[in-house]
There are 2 protein chains.
Amino acid sequence: MKIRQNSEVKEVEVALKGTRSMWKRVLIGPDNGSKNIIMRYFTLLPGGYSERHSHSHEHLVNIESGKGIVVDKNGNEIEVSEGYNIFVEADELHQFQNPFEKNFEFICVIPNINQN
Amino acid sequence: MKIRQNSEVKEVEVALKGTRSMWKRVLIGPDNGSKNIIMRYFTLLPGGYSERHSHSHEHLVNIESGKGIVVDKNGNEIEVSEGYNIFVEADELHQFQNPFEKNFEFICVIPNINQN
């Protein structure tokens, strides 16, 4: 068993093309023994966004704090806030945005795509 | 993409032997398209506990609200609260308890053990 405070986990900026003011903590992953699943914690600062993209792995998201916008494959913008969950299917185009004044924070779980 | 409020998801009591006052919501799972991973939301009412058990799947846990006790394989009781994460390895004995006065709420992610 591994127990940590989220705040103890190193936070790094996601410096991919198409992202802005997006920070990530890998709460639980291969480094602490989880081979199949990775639990990440994202913070989008005000004005931040993730890349609008798709990939072969799904996302299981739970909003932890604040509110933000999710853009679906058709370009629809849906407002979500603490207490919402989102399932993004494999290969589905998506983006997370924070046009608001407070941090937008969410857990995002994925399969460990590098496990094999 | 599926977006729901957690409070919209049906909550059921976990009526297994060895559990008490434990409630579960399956936030994201096979019913809404997630084949590989299941995200559940548990609420332990004051005085509640999960079964002390082990199984072949791992748990990725994030504490959402309140505080509680995690019992590890050696019987050590560790207090955790909102903002902690816990990785329970496959086949590791564990139990969650709420001896406190407020609800103890956490997300618990598992692989979909019935997928094959």
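A few comments on the model shown:
- Residues of the range B:54-104 that turn out to be part of a loop (DSSP other than H, G, I, E, B) and among the hydroxyl-bearing types (S, T, Y), as a count: 2
- The residue that is nearest to A:L93 (Cα to Cα), among those in the range B:1-21 that are touching a residue at least 12 places away in the same chain (Cβ under 8 Å) and at the interface with another protein chain (Cβ under 9 Å from one of its Cβ atoms), is B:K2.
- The number of residues in the range B:58-91 being of a type in the set (G, A, S), surrounded by fewer than 22 Cβ atoms within 10 Å (Cβ to Cβ) and under 14 Å from the mean Cα position of the chain (by Cα) comes to 3.
- Criterion violated by A:K24 - all others in (1) under 12 Å from the mean Cα position of the chain (by Cα); (2) under 26 Å from B:S81 (Cβ atoms); (3) at the interface with chain B (Cβ under 10 Å from one of its Cβ atoms) satisfied: (3)
- When we screen B:Q95, B:Q115 for residues that are over 24 Å from A:E105 (Cα atoms) and at pLDDT below 95, the only hit is B:Q115.
- All positions within the range B:10-33 that are open to solvent by 50 Å² or more (accessible area, probe 1.4 Å) and assigned to a strand (DSSP E or B): B:V12, B:E13, B:R20, B:W23, B:K24, B:V26
- Per the conditions (1) under 20 Å from B:V9 (Cβ atoms); (2) open to solvent by less than 10 Å² (accessible area, probe 1.4 Å); (3) not hydrophobic (A, V, I, L, M, F, W, C), the sole criterion not satisfied by A:H94 is (1).
- Criterion violated by B:V88 - all others in (1) out of contact with any His (no Cβ under 9 Å at 6 or more places or on another chain); (2) free of Cβ contacts under 8 Å to residues at least 40 places away in the same chain satisfied: (1)
- Against the numbered list (1) basic (K, R); (2) free of Cβ contacts under 8 Å to residues at least 24 places away in the same chain; (3) more than 8 Å from chain A (Cβ to nearest Cβ), B:K67 comes up short only at (2).
- Of all residues in the range A:28-36, one or more are under 18 Å from B:P111 (Cα atoms), touching a Pro at 6+ places or on another chain (Cβ under 6 Å) and touching a residue at least 24 places away in the same chain (Cβ under 8 Å).
- Residue in the range B:38-57 that is open to solvent by 20 Å² or more (accessible area, probe 1.4 Å) and at the interface with chain A (Cβ under 7 Å from one of its Cβ atoms) present: no
The values are calculated or read from the model by the stated rules, or taken from the named source; none is laboratory data. In this text the structure is predicted, and so the values were computed from the model without any measurement. FYI the Cβ positions are ideal-geometry reconstructions off the backbone, even for glycines, and counts take in every protein chain you see. Ligands, DNA and RNA are stripped out before the accessible areas are found, and what is left, the full protein with its side chains, is counted by its heavy atoms. Shrake-Rupley method; radii C 1.70, N 1.55, O 1.52, S 1.80 Å.
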